[in-house]
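I have placed the structure first, in the form of structure tokens, so that the comments after it can refer back to it.
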Amino acid sequence: MTERVVLAYSGGLDTSVAIGWIAEETGAEVIAVAVDVGQDGEDLDVIRKRALACGAVEAEVADAKDEFAAEYCLPAIKANALYMDRYPLVSALSRPAIVKHLVKAAQKHGATTVAHGCTGKGNDQVRFEAGIVALAPDLKCIAPVRDYAMTRDKAIAFCEEKNLPIATSKKSPYSIDQNVFGRAIETGFLEDIWNAPIEDIYEYTKDPSVPREPDEVVISFQAGVPVAVDGKPVTPLQAIQLLNERAGAQGIGRIDMVEDRLVGIKSREVYEAPGAIALITAHQELENVTVERELARYKRQVEQRWGELVYDGLWFSPLKRALDGFINEANQHVTGEIRMTLHGGRAVVTGRRSGSSLYDFNLATYDSGDTFDQSKAQGFIEIFGLSQKIAARRDLA
């Protein structure tokens, strides 16, 4: 029986050439699997037909936008996930969503191997392969670009030799990955970290320096889930799409950073994630109102670790699953509304309202009606500082 390889297929030059390349190198039949996570590319049926024209024995396409938003982006919002305190895990979140469909296709078609188009230098090879073996430990993984030295020049030559229906002319100077949660831009002149980004690289966001009218928005949450925008009910996908449009129009969500890659090198990355940044900002503020102090302090540690695990490709790991349980429990009372002004590249919270609020006006006020018993403060401070006082007597003696 001929072996079968499932290929993560994008419809572009590299993965289209990889279909025939893998067949020649391994003698296996190739099944192409394309997953739509909101990257706004070509029509899925066009991509499916191209895969077949390039030699795939079968081709599957999956519209996974709602699944991606609800099962991958939403947990990141609940976790306030920002790798290195800045990056909302745009690409890292999409990889396990794609992996799930690759493994499902491999099991359906009796494939022994899954292939992807990553290089040996980036994070994505780890995210794909660690995810695949977590779901199906017996599957093998190959990467033509990494394992068979399939350079772009060789890919173009192969494409022309085999007469494949792929455009091989203009190549963007950047490497771009995008989905509904955001867009990542790297390489080209950005590899010199002294060079500033130019306006031409952005698509999801408008120039924040251009004068425009502010946009006020009210986001409603239920147990950490965005459920309405300006009073209109939304799904997680709709919430992200709507905030992409409105926050993006105000230039919100641009990030230019040098980040620590999993493979040990530092890499300059430019991101734009308007919806992600707006929703995380709103969610963080609602947590400030509704989450008890000690739980909030501990959750911030969990958030950092959760983001590192997802960045490192360990979405399906036991620790990540356990932390999900903690994060969901911590979000049980994160219900209410946040009002924000979107303007000049910033999402600024201007109002908070919640039936689960822990903010007590009568305890907080300094005016009449204050119910905070200040007479208890002196004794509290004496007990609270006692251990330091005893140590100081010893150390200063």
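Rundown of residues vs (1) in contact with a strand residue (DSSP E or B) (Cβ under 6 Å, 6 or more places away or on another chain); (2) over 30 Å from E3 (Cα atoms), yes/no style:
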| residue | (1), (2) |
| --- | --- |
| A76 | no, yes |
| P88 | no, yes |
| H101 | yes, no |
| G120 | no, no |
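Taking A249 as meeting all but one of (1) within 16 Å of the chain's Cα centre (by Cα); (2) more than 16 Å from P88 (Cβ to Cβ), write down the number of the exception.
(1)
Go through (1) part of a helix (DSSP H, G or I); (2) touching a Ser or Thr at 6+ places or on another chain (Cβ under 9 Å); (3) not β-branched (V, I, T) one by one and return the number of the condition E259 breaks.
(1)
Residues checked against (1) hydroxyl-bearing (S, T, Y); (2) surrounded by fewer than 18 Cβ atoms within 10 Å (Cβ to Cβ); (3) part of a helix (DSSP H, G or I):
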| site | (1), (2), (3) |
| --- | --- |
| E24 | no, yes, yes |
| V33 | no, no, no |
| G38 | no, no, no |
| A69 | no, no, yes |
| A111 | no, no, no |
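Going through the range 6-22 one residue at a time, which ones are in contact with a helix residue (DSSP H, G or I) (Cβ under 7 Å, 6 or more places away or on another chain) and either open to solvent by 10 Å² or more (accessible area, probe 1.4 Å) or part of a loop (DSSP other than H, G, I, E, B) (or both)?
Of everything in the range 6-22, those that are in contact with a helix residue (DSSP H, G or I) (Cβ under 7 Å, 6 or more places away or on another chain) and either open to solvent by 10 Å² or more (accessible area, probe 1.4 Å) or part of a loop (DSSP other than H, G, I, E, B) (or both) turn out to be A8, Y9, G11, L13, D14, G20, W21.
Could you please give the count of residues in the range 40-54 that are open to solvent by less than 20 Å² (accessible area, probe 1.4 Å) and part of a helix (DSSP H, G or I)?
Let us first name the residues in the range 40-54 that are open to solvent by less than 20 Å² (accessible area, probe 1.4 Å), namely 47, 51, 54.
Next, from what is left, pick out any that are part of a helix (DSSP H, G or I): 47, 51.
Total satisfying the criteria: 2.
When the range 75-106 is examined, which residues are found to be assigned to a helix (DSSP H, G or I), farther than 20 Å from A330 by Cβ and basic (K, R)?
Residues satisfying the conditions are R95, K100, K104.
Report, by residue number, each residue of the range 121-144 that is farther than 19 Å from I19 by Cβ, open to solvent by 50 Å² or more (accessible area, probe 1.4 Å) and not in a helix (DSSP H, G or I).
Correct list: K121, P137, D138.
Among the numbered conditions (1) surrounded by fewer than 21 Cβ atoms within 10 Å (Cβ to Cβ); (2) under 28 Å from the mean Cα position of the chain (by Cα); (3) not small (G, A, S), tell me where L93 comes up short.
Failed condition: (1).
Could you tell me whether any residue of the range 243-257 is surrounded by fewer than 16 Cβ atoms within 10 Å (Cβ to Cβ) and of a type in the set (K, R)?
no
Take the range 270-289 and flag every residue that is touching a Leu at 6+ places or on another chain (Cβ under 9 Å) and open to solvent by 10 Å² or more (accessible area, probe 1.4 Å).
Scanning the range 270-289 gives I277, V289.
Give the residue, chosen from S368, S317, S356, S375, that is surrounded by fewer than 18 Cβ atoms within 10 Å (Cβ to Cβ), more than 24 Å from Y72 (Cβ to Cβ) and in contact with a helix residue (DSSP H, G or I) (Cβ under 9 Å, 6 or more places away or on another chain). Give the steps one after another, and end with the answer.
Values: S368 fails: in contact with a helix residue (DSSP H, G or I) (Cβ under 9 Å, 6 or more places away or on another chain); S317 fails: more than 24 Å from Y72 (Cβ to Cβ); S375 fails: in contact with a helix residue (DSSP H, G or I) (Cβ under 9 Å, 6 or more places away or on another chain).
Checking each option against the conditions leaves just S356.
Does the range 218-239 include one or more residues that are acidic (D, E), outside any strand (DSSP E or B) and either within 17 Å of the chain's Cα centre (by Cα) or within 21 Å of L89 (Cβ to Cβ) (or both)? Lay out the reasoning, then the answer.
Step one: of the range 218-239, the residues acidic (D, E) are 230.
Within this subset, residues satisfying the condition of being outside any strand (DSSP E or B) are 230.
Still in the running and either within 17 Å of the chain's Cα centre (by Cα) or within 21 Å of L89 (Cβ to Cβ) (or both): none.
No, that holds for no residue.
Restricting the search to the range 185-206, which residues are open to solvent by 50 Å² or more (accessible area, probe 1.4 Å) and in contact with an Asp or Glu (Cβ under 9 Å, 6 or more places away or on another chain)?
Residues satisfying the conditions are A196, E199, E203.
Could you check how many residues of the range 207-237 are in contact (Cβ under 8 Å) with a residue 60 or more places away in the chain, surrounded by 18 or more Cβ atoms within 10 Å (Cβ to Cβ) and closer than 24 Å to V291 by Cα?
Final tally of qualifying residues: 8.
Quick one: is I240 closer than 24 Å to I327 by Cβ, among the aliphatic types (A, V, I, L, M) and open to solvent by less than 30 Å² (accessible area, probe 1.4 Å)? Outline the logic, then answer.
Working: closer than 24 Å to I327 by Cβ: yes; among the aliphatic types (A, V, I, L, M): yes; open to solvent by less than 30 Å² (accessible area, probe 1.4 Å): yes.
Considered against the rule, which asks whether it is closer than 24 Å to I327 by Cβ, among the aliphatic types (A, V, I, L, M) and open to solvent by less than 30 Å² (accessible area, probe 1.4 Å), I240 comes out as yes.
Is it fair to say V57 is surrounded by 21 or more Cβ atoms within 10 Å (Cβ to Cβ) and of a type in the set (V, I, T)?
Working: surrounded by 21 or more Cβ atoms within 10 Å (Cβ to Cβ): no; of a type in the set (V, I, T): yes.
Judged against the criteria, V57 is not a match.
When you go through A364, A347 one by one, which is the residue that is in contact with a Ser or Thr (Cβ under 9 Å, 6 or more places away or on another chain) and either hydrophobic (A, V, I, L, M, F, W, C) or within 29 Å of L309 (Cα to Cα) (or both)?
Values: A364 fails: in contact with a Ser or Thr (Cβ under 9 Å, 6 or more places away or on another chain).
Going through A364, A347 in turn, the sole match is A347.
Can you tell me which residues in the range 86-123 are farther than 17 Å from Y148 by Cβ, in contact (Cβ under 8 Å) with a residue 60 or more places away in the chain and among the charged types (D, E, K, R)?
Once the filter is applied, which keeps residues that are farther than 17 Å from Y148 by Cβ, in contact (Cβ under 8 Å) with a residue 60 or more places away in the chain and among the charged types (D, E, K, R), the range 86-123 yields R86, R95.
If you scan the range 146-184, which residues turn out to be aliphatic (A, V, I, L, M) and either surrounded by fewer than 16 Cβ atoms within 10 Å (Cβ to Cβ) or within 23 Å of E42 (Cα to Cα) (or both)?
Quick first cut of the range 146-184, residues aliphatic (A, V, I, L, M) only: 149-150, 155-157, 164, 166-167, 176, 180, 184.
Result: A149, A155, I156, A157, L164, I166, A167, I176, V180, A184.
Among the residues of the range 334-342, is there at least one that is crowded, with 16+ Cβ neighbours inside 10 Å and among the acidic types (D, E)? Give the steps one after another, and end with the answer.
Of the range 334-342, the ones crowded, with 16+ Cβ neighbours inside 10 Å are 334-342.
Okay, now just the ones that are also among the acidic types (D, E), so 337.
Among the residues of the range 334-342, at least one is crowded, with 16+ Cβ neighbours inside 10 Å and among the acidic types (D, E), which makes the answer yes.
The values are calculated or read from the model by the stated rules, or taken from the named source; none is laboratory data. Predicted model only: the values in this text are computed from it and were never measured. FYI the Cβ positions are ideal-geometry reconstructions off the backbone, even for glycines, and counts take in every protein chain you see. The accessibility values were calculated without ligands, DNA or RNA, using every heavy atom of the protein model including side chains. Shrake-Rupley method; radii C 1.70, N 1.55, O 1.52, S 1.80 Å.
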